[in-house]
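This report concerns only the one structure given below.
Nothing in this text is a laboratory measurement; each read-out follows from the coordinates by a stated rule. For clarity, every value in this text was computed on a predicted model and none was experimentally measured. Quick reminder, even Gly has a Cβ in these numbers, built from the backbone with ideal geometry, and neighbours come from all protein chains shown.
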Amino acid sequence: MVKTNPAWRALSAEGKTANLPEEKTETAKPRIGVLAIQGDYDAHASALQDVGAEPLLVRKPEQLEGLDGLIIPGGESTTFLKFLERDGFLESLRTFAADTPTFGTCAGCILLATKVLHPPQPSLGILDATVERNAYGRQIDSSIEETATKLGSDFDIGPLETVYIRAPRIQQVGKDVSVLAERDGFPVLVRQGHLLAATFHPELSTDRRVHRYFVNMVREARDSTPHSAPESGHKPHRKS
Ligand code: GLN
């Protein structure tokens, strides 16, 4: 049976879903923002397209409205912070990522962490992890490894190529954080509920498993979220 989706009706009214009216709720493309301030956001947008999501570049806090998920890409976390600390963008991101699926890669992982070292710096503080910036030293600023994953049987079909560029190291994680891949005994891919974080750059490999895994997280969260706003609950990211 084809279900109608109030969120679509709202979007259709704005003329944004002209090609989608026949689709079922469960198969509608998740709308996933990619923070496009700096770094390799285009590669993430292509990866999202490859796995059936609709990428939207986010450059202003108001563009977070109505998104089903968000990727915070790699780049330079200090540069991100300079930009985000203007106009309350950091606070809007924190509110968004507190309950909407968000994937941080490399600098994005640093931004999500509760504690940042080397040197200490502000962050969104929502992923229960201690992250050390540039932990692999200058001589191995970049490397490509083959890494086993624990993403689930559909995904763990062989080693994953993991590309590290001036990568951080996740030194410690809290009890609610699952380690989905490791390098030399340190986590490189972790999940805490609706949050996913990688110290490598999955968008730079042709293997799309990690993006597919994140899009599945987004679909699950979206399809289990009632679209009608609860009477007293604060639901800042949905227009309907
Ligand atoms: N070294 C960068 C930082 O500290 C992260 C590098 C990356 O995102 N590839 O923010």
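Which ³J(HN,Hα) values, rounded to whole Hz and listed in residue order, are derived for region 66-81 from phi using the Karplus coefficients 6.51, -1.76 and 1.60 in 6.51 cos²θ - 1.76 cosθ + 1.60 with θ = phi - 60°, glycine and proline given as x?
Rounded to whole hertz, the list is x, 6, 8, x, 8, 10, 9, x, x, x, 10, 4, 5, 5, 4, 4.
Can you check what the net charge comes to around VAL51, using other residues whose Cβ is under 14 Å from the Cβ of VAL51 (Lys, Arg +1; Asp, Glu -1)?
In short, 0.
What base-10 log of the normalised intensity I(q)/I(0) is obtained for region 30-223 from the Debye formula, alpha carbons as equal point scatterers, at q = 0.09, 0.16 Å⁻¹?
With one equal scatterer per Cα and no solvent, log10 I(q)/I(0) is -0.27, -0.94.
Rounded if a/c is under 1.5, else prolate if a/b beats b/c, else oblate: with a ≥ b ≥ c from the C-alpha gyration tensor eigenvalues square-rooted, which is region 96-146?
Judged from the Cα gyration tensor, region 96-146 comes out oblate (a/c at least 1.5, b/c at or above a/b).
For ASP141 and LYS82 in one chain, what is 0.36 nm times their gap in residues minus the Cα-Cα distance, to one decimal in nm?
Fully extending the segment from ASP141 to LYS82 adds 18.9 nm.
Nearest 5 is fine: what % of DSSP beta bridges in region 30-223 come out antiparallel, could you say?
So the antiparallel bridges amount to about 50 percent of the total.
From the P(r) of region 73-164, could you give the percentage of C-alpha pairs in the tail past 18 Å?
Taking all Cα-Cα pairs of region 73-164, the fraction more than 18 Å apart is 53 percent.
May I ask you to list the trypsin sites (Lys or Arg not before Pro) in region 117-198 that are in a DSSP loop and have at most 11 other Cβ atoms within 10 Å of their Cβ?
The qualifying sites are LYS175.
Counting only C-alpha contacts under 8 Å and six or more residues apart, can you give the relative contact order of region 30-223 as a whole percent?
Relative contact order, region 30-223: 20 percent.
Would you mind pulling out the separation of the Cα centroids of region 177-221 and region 44-70, in Å?
Cα centroid to Cα centroid, the span is 17 Å.
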